[in-house]
Amino acid sequence: MADSIVDSRCGLHCTGCEYKESCGCGGCIETNGHPFHGECPVAVCCQNKGILHCGECGEFPCEPLTQYSYDPEHGDTPGGARIEQCRLWHAGAKGTQS
């Protein structure tokens, strides 16, 4: 169920994230691209393009998203998970259109 809820621009799930409470983070959508760690260039890019998440972008997956996803220290486990989530969100949106 959580996979169908778009709660970030890059494909990370903010609901249930440890930083929501410990850092008072509202996530990139709620904070207009400025989560707990400061401005997120991936979120700002989506906002500037007027898209909800990276999966809606014609340049998907772009280099910045790929770098975030596969970053050795702060990347996804498994690598590429947020990219796959954006693909799922995009496919779900296409599947619901008439």
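Can you tell me the orientation of helix 81-96 relative to the chain, as the angle in degrees between its alpha-carbon axis and the longest Cα principal axis, to the nearest 10? On a 0 to 90 degree scale, this one is about 40. Across all Cα atoms of the chain, the radius of gyration (one decimal) and Dmax (whole number) stand at 12.9, 42 Å. Here the chain has 54 percent of its accessible surface on carbon and sulfur atoms, given a 1.4 Å probe and all protein chains in place.
So, by mean Cβ neighbours within 10 angstrom, what's the order for 78-90, 33-45 with the highest one leading?
Numbers: 78-90: 18.4, 33-45: 16.5.
Final packing ranking: 78-90, 33-45.
The values are calculated or read from the model by the stated rules, or taken from the named source; none is laboratory data. Worth saying up front: this structure is predicted, and the values here are computed from it rather than measured. Quick reminder, even Gly has a Cβ in these numbers, built from the backbone with ideal geometry, and neighbours come from all protein chains shown. Protein only, heavy atoms only, side chains kept; ligands, DNA and RNA dropped before computing areas. Shrake-Rupley method; radii C 1.70, N 1.55, O 1.52, S 1.80 Å.
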